[in-house]
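Participant: Okay, here's the structure, questions in a sec.
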Ligand code: GAR
């Protein structure tokens, strides 16, 4: 059967760096899953604190760039920085920890907030830390499993992105339970990573972010406009300040429409950054700009700025003055 190029190539693949300390079977599962058609991410680096980690050799044999830096004799932050620099050089969008047995410095974790994932062999919040299998057996748990979560400064306590259950069998040892959990992990991790990195292009997820931000502005409410979600200032004389447009009028963009200062500003925005802004049908005529949300490298600070500006131009003076004063602090 001849390969035909898809009509829409789809969003670009996210670039992930995987950090390992040992055998790297989860890394291998992630790597091979990334070779399936339609994969949402590609592995751009496998890095380790153990130069002899067997996973490094596997990655190398698969043509993946590798890096190692033993942690011995280095302080934690310095070692983290060397590992992080390798991920940055590889232009990684995400760092995926897969059996990376290091506690990370708070600064490193903060810099990658929302962009660093880990897999842990228990059903969190149960059994953070080590010896998870034996602890589940000793507690008489009927079910053990694994969790994928965002990495936060507190160990194994970041937002849970997905879990998989594994039944504890009578007579299980820590090793026998670990073996089955490992198989389950290999199913879980690639799926959750793929879903997580794809959400920045997902209209439902983007809408949820915009909704949360819009409703944070004082005295705002959501009210549909032409069948699409939109937000306005409250009260009888409320005015719209934001519209959500999911591929309206044949454009491929999921977009936020906000009000600019007028045609000159609108034109300048589009000229300066046509990857970020466009002139929306109908609304463009009244000075509204479309901010493209489903694109790599979306700048959420820019989205916040425009939501606030648009709100300020729609809000009654009494409110916008208050808000302007508050943002001085
Ligand atoms: C995995 O089971 C993973 O859940 C665990 O290390 C193993 C690594 O195996 N991680 C932790 O315990 C983190 N606290 P692998 O090297 O074969 O992927």
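Participant: Quick check: from the Cα gyration tensor, does the chain come out rounded (a/c under 1.5), prolate or oblate?
Facilitator: It is prolate, given that a/c is not under 1.5 and a/b is the larger ratio.
Participant: Under a crude label model (7 Å from the Cα following the beta-carbon direction), how far is residue 57 from residue 131 in nanometres?
Facilitator: Going by the 7 Å Cα→Cβ label model, 3.2 nm.
Participant: OK, next. Taking the Cβ of each residue in 236, 126 as the centre, tally the other Cβ atoms inside 10 Å and list the residues starting with the fewest.
Facilitator: With the fewest neighbours first, 236, 126 line up as 236, 126.
Participant: Would you mind ranking 282, 240, 32 by Cβ crowding within 10 Å, fewest neighbours first?
Facilitator: 282, 32, 240
Participant: Using the count of nearby Cβ atoms within 10 Å as a rough guide to exposure, how do 226, 253, 120 rank from fewest to most?
Facilitator: Ordered from fewest to most neighbouring Cβ atoms within 10 Å, 226, 253, 120 come out as 226, 253, 120.
Participant: What share of all Cα pairs of segment 1-101, in percent, falls into each consecutive 10 Å distance bin?
Facilitator: Histogram of Cα-Cα distances, whole percents per bin: 16, 45, 25, 10, 3, 1.
Participant: Also: Just subtract the alpha-carbon distance of residue 237 and residue 322 from 0.36 nm times their residue separation and send over the number in nm, one decimal.
Facilitator: Value of the extension gain: 28.8 nm.
Participant: Follow-up question, since we're still on this one. Could you give the length gained by full extension between residue 249 and residue 275, i.e. 0.36 nm per residue of separation minus their alpha carbon distance, to one decimal place?
Facilitator: 7.6 nm
Participant: Place a point 7 Å from Cα of residue 72 in the direction of its Cβ. Which residues in segment 50-65 have their backbone N less than 15 Å from it?
Facilitator: Inside the label zone: 50-53.
Participant: Between segment 249-279 and segment 89-137, how far is it from one alpha carbon centroid to the other, in angstrom?
Facilitator: 39 Å
Participant: Let a ≥ b ≥ c be the square roots of the eigenvalues of the Cα gyration tensor of segment 175-220; is it rounded (a/c under 1.5), or, if not, prolate (a/b larger than b/c) or oblate? It would help to have the intermediate numbers written out before the result.
Facilitator: Working: a/c = 7.77, a/b = 3.10, b/c = 2.51.
It is prolate, given that a/c is not under 1.5 and a/b is the larger ratio.
Participant: At a Förster radius of 22 Å, what calculated FRET efficiency corresponds to the Cβ-Cβ distance of residue 203 and residue 285, to the nearest 0.05?
Facilitator: Once rounded, the FRET efficiency stands at 0.35.
Where a number appears in this text, it was derived from the coordinates with a stated rule and is not lab data. This structure is a prediction, so every number in the text was calculated from the model and none was measured. Cβ atoms come from the backbone with ideal geometry, glycine included; neighbour counts cover every protein chain shown.
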